[in-house]
Amino acid sequence: MRMRKIIVIGGGHAGCEAALAAARIGARVTMFVLSLDSVALMPCNPCIGGSAKGHLVREIDALGGQMGKAIDATFIQSRMLNTAKGPAVYSLRAQADKKRYMEYMKQVLESEPNISLREGEVVDILTEENKVVGVRIESGGVVDCDAVIVCTGTYLNARCLYGETITHTGPNGLRNSKGLSESLKRLGFALQRFKTGTPARIHRRSIDFSKMSVQHGDEKLVPFSFETDPATVAREQVPCHLTYTTPRTHELIRESIHRSAMYSGLIDATGTRYCPSIEDKIVRFADKERHPVFVEPEGLYTQEMYVQGMSSALPEDVQIEIYRSVTGLENCEIMRVAYAIEYDCIDATQLTLGLEAKHISGLFFAGQINGSSGYEEAAAQGLVAGISAANAQIEIGRADGYIGVLIDDLVTKGTAEPYRMMTSRAEYRLLLRQDNADLRLTPKAYAAGLIPASRFATFQQKASAIQQEITHLQNTTISPEVANPILAAKSSTPIKSGARLSDLIKRPELSYFDFKDLRPWGRCPQSPTREHSSLDPHHLLAVFEQVDIQLKYEGYIAIQLEQAAAFRKVEEKLIPTDIDYNSIGGLRLEARQKLSALRPVNFGQASRVTGISPADLSVLMVYVRTLQ
């Protein structure tokens with residue numbers, strides 16, 4: 001059987017995951033990059049994860065992706081965020097060594113036998129009868145293929161701006177992609193113009209860290225990948241630092257705001273709401289006396305420091321003044337100036353849930369070309385696009401993962417600004433925790449051919465061990481004589497008669513680990529029981545942690561499971577793909593137009609289309625019944 005030939009355009013985080021997913025399924029992938037030296041580049045902050053983004057990375061890993069393993073191998077600081085809240089919003093964040101991360105990912109790509117890396121610009125996508133047949137590169141050569149995945153990031157027709165200075169480049173002064181925008185227009189895609197930005201990089205020796213708060217990494221390290229043993233990532237971590245803007249910072253910005261490329265009229269693209277420039281912060285939050293500034297290292301073997309929270313499009317001379325007005329940065333030396341970057345992207349409502357163009361077979365899009373922002377959002381889309389392009393079957397809905405929420409939002413609602421994943425966007429946050437991403441998604445990955453049988457066998461052992469342990473605890477009663485000393489140590493109310501261990505674990509002040517020394521539940525990594533002895537220590541510890549969470553939040557989880565089941569019933573009610581919405585009497589004109597353009601695949605998706613009312617859905621449901 002002939003291998004399916006796929007071309008990936010772009011070597012950023014979307015391109016890397018797209019190429020690897022397709023290749024591991026069995027496709028032959030050619031990956032075109034503008035520069036082989038910028039594969040997996042982190043042009044903004046060199047960190048992976050964070051609120052909601054950490055969930056995406058865990059899901060990528062559960063599906064056989066590479067991002068989690070890459071950051072586990074190259075992080076220089078790791079922290080679990082939101083630990084004062086519930087596990088639904090725990091999010092892992094790690095600062096990467098930027099150069100080592102790139103080297104790691106490039107090596108993985110080069111080692112994959114089904115991937116060929118090529119430096120060069122794709123300028124045209126070739127089609128016949130609304131089907132992709134190949135691409136044309138800048139030299140004039142044509143490369144044929146069965147599918148194309150466009151992962152151009154912020155390079156498409158890009159230009160960088162600060163003050164009155166404009167350079168027609170991609171991020172970090174790298175070359176941009178010039179020809180592909182016109183090709184996409186000819187193929188019928190509506191393009192949008194979005195903007196993002198990055199702060200200056202400053203020299204470590206010019207920083208007075210004594211005026212800043214130190215932020216250390218966690219002592220107990222939690223890897224991103226479910227396959228990474230925590231013991232293997234133990235390393236000395238590099239501190240980050242927190243400081244603040246001053247009244248002088250705000251004064252300087254107000255005085256020079258007219259010189260910012262974002263306020264002078266040079267930029268008319270839409271910027272990201274959730275990662276504003278320092279100019280936007282001063283204008284939008286005029287009542288705030290100060291804003292936090294995080295000073296973070298770019299790597300172990302560089303003196304460049306990233307100034308998180310101070311992206312800007314002000315002129316260089318003003319940038320020097322405002323950075324030096326920040327506490328601890330009074331003598332800072334700027335190594336790279338801050339800038340804003342504009343780029344082309346498409347309206348993602350032209351895509352299916354598999355990220356394929358609705359009107360051109362075999363053409364897929366992933367990452368910032370779809371209007372999203374962030375490395376993690378890009379990688380998640382790349383993974384799904386790679387799976388779809390390789391003709392594998394996988395369904396990840398809103399009740400299955402943050403990846404499902406991300407893609408459904410983009411293709412169903414579209415976005416008028418760079419889209420960022422947030423926990424508040426997910427309806428079933430307690431089900432879609434980062435700790436259980438493998439339980440939710442690894443079976444789907446195995447069915448799609450993304451992970452080997454050995455990994456799936458280990459996963460099955462873990463899943464079985466979790467259920468066995470929960471059953472033991474639900475069926476075991478502990479006496480007051482045994483329980484009360486443990487309860488007293490935790491200032492927990494003593495019991496007067498026997499109680500189930502599962503009920504005691506639900507108390508807020510108690511956990512599974514308080515009872516680990518009781519037989520036959522003394523299952524610790526150092527002394528695994530016979531039932532789970534085939535699991536290595538770090539998988540066994542994951543079992544215990546999962547048991548604790550599932551029991552402690554059992555009631556809330558049950559409620560969300562019922563809600564998710566009802567949601568899936570609506571999602572399972574399919575809408576014919578060839579339906580003529582204009583022929584449906586009773587549908588409002590707006591509903592006809594939007595449903596005709598978006599062509600939702602089921603009633604759940606139709607209900608999320610902006611402007612579709614409950615009355616429209618009722619009319620549509622009655623009409624579809626007449627067709628059955």
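The values are calculated or read from the model by the stated rules, or taken from the named source; none is laboratory data. This one's a predicted model, so the numbers in the text were calculated from it and none came from an experiment. Neighbour counts are summed over all protein chains in view; Cβ atoms, including those assigned to glycine, are modelled from backbone coordinates with ideal geometry. Accessible surface is based on the protein model in full, side chains and every heavy atom, while ligands, DNA and RNA are left aside. Shrake-Rupley method; radii C 1.70, N 1.55, O 1.52, S 1.80 Å.
Some notes on this structure:
- Of all accessible heavy-atom area on the range 201-342, the percent that carbon and sulfur account for (1.4 Å): 48
- Spatially proximal aspartates and glutamates relative to Lys53 (Cα-Cα < 12 Å; intrachain offsets below 8 disregarded): Glu376, Glu377
- A quarter of the convex hull surface defined by the alpha-carbon atoms of the chain gives 32.1 nm² as the mean projection.
- Rolling a 1.4 Å probe over the protein heavy atoms gives the range 201-342 an accessible area of 47 Å² per residue.
- Note on the range 453-559: with neighbouring protein chains present and a 1.4 Å probe, carbon and sulfur make up 54 percent of its accessible heavy-atom surface.
- From most to least packed by mean Cβ count within 10 Å, the peptides 570-578, 200-208 give 200-208, 570-578.
- Dmax and Rg, reported as Rg then Dmax, of the range 453-559 (C-alpha, Å): 14.4, 49
- Across Glu129, Glu227, the residue with the most accessible area heads the list, and the full order at a 1.4 Å probe is Glu129, Glu227.
- Helix-only CD estimate at 222 nm, as mean residue ellipticity for the chain, using -39500 (n - 2.57) per DSSP H run (n ≥ 4): -10500 deg cm²/dmol
- Protection proxy ranking of 440-448, 134-142, 170-178 - average other beta-carbon atoms within 10 Å, highest first: 440-448, 170-178, 134-142
- Relative packing of peptides 99-111, 469-481, 338-350 - highest average C-beta neighbours within 10 Å first: 338-350, 99-111, 469-481
- Inter-centroid distance (Cα atoms) of the range 51-74 relative to the range 1-41, Å: 18
- Listed cross-link partners Lys178/Lys358; Lys106/Lys462; Lys462/Lys516; Lys69/Lys220 are compared with a 23 Å cut-off, the Cα-Cα value being larger for Lys178/Lys358; Lys106/Lys462.
- For Glu333, Glu119, Glu395, the ranking by accessible surface with the largest value first comes to Glu395, Glu119, Glu333, using a 1.4 Å probe.
- The accessible surface of the range 34-100, taken with every protein chain in place and a 1.4 Å probe, is 53 percent carbon and sulfur.
- Listed by chain and number, the lysines placed with their C-alpha closer than 20 angstrom to that of Lys281 are Lys195; residues fewer than eight positions away on the same chain are left out.
- Net charge in the neighbourhood of Glu316 (other residues with Cβ under 12 Å of its Cβ; Lys, Arg +1, Asp, Glu -1) is -1.
- 1.4 Å probe accessible area per residue over the range 453-559, in Å²: 52
- Cα shape, the range 573-627, gyration tensor, a/c 1.5 rule: rounded
- Averaged per residue, the range 573-627 has 52 square angstrom of accessible surface, using a 1.4 angstrom probe with ligands and nucleic acids left out.
- Radius 10 Å from Cβ of Leu439, net charge of other residues (Lys, Arg +1; Asp, Glu -1): +1
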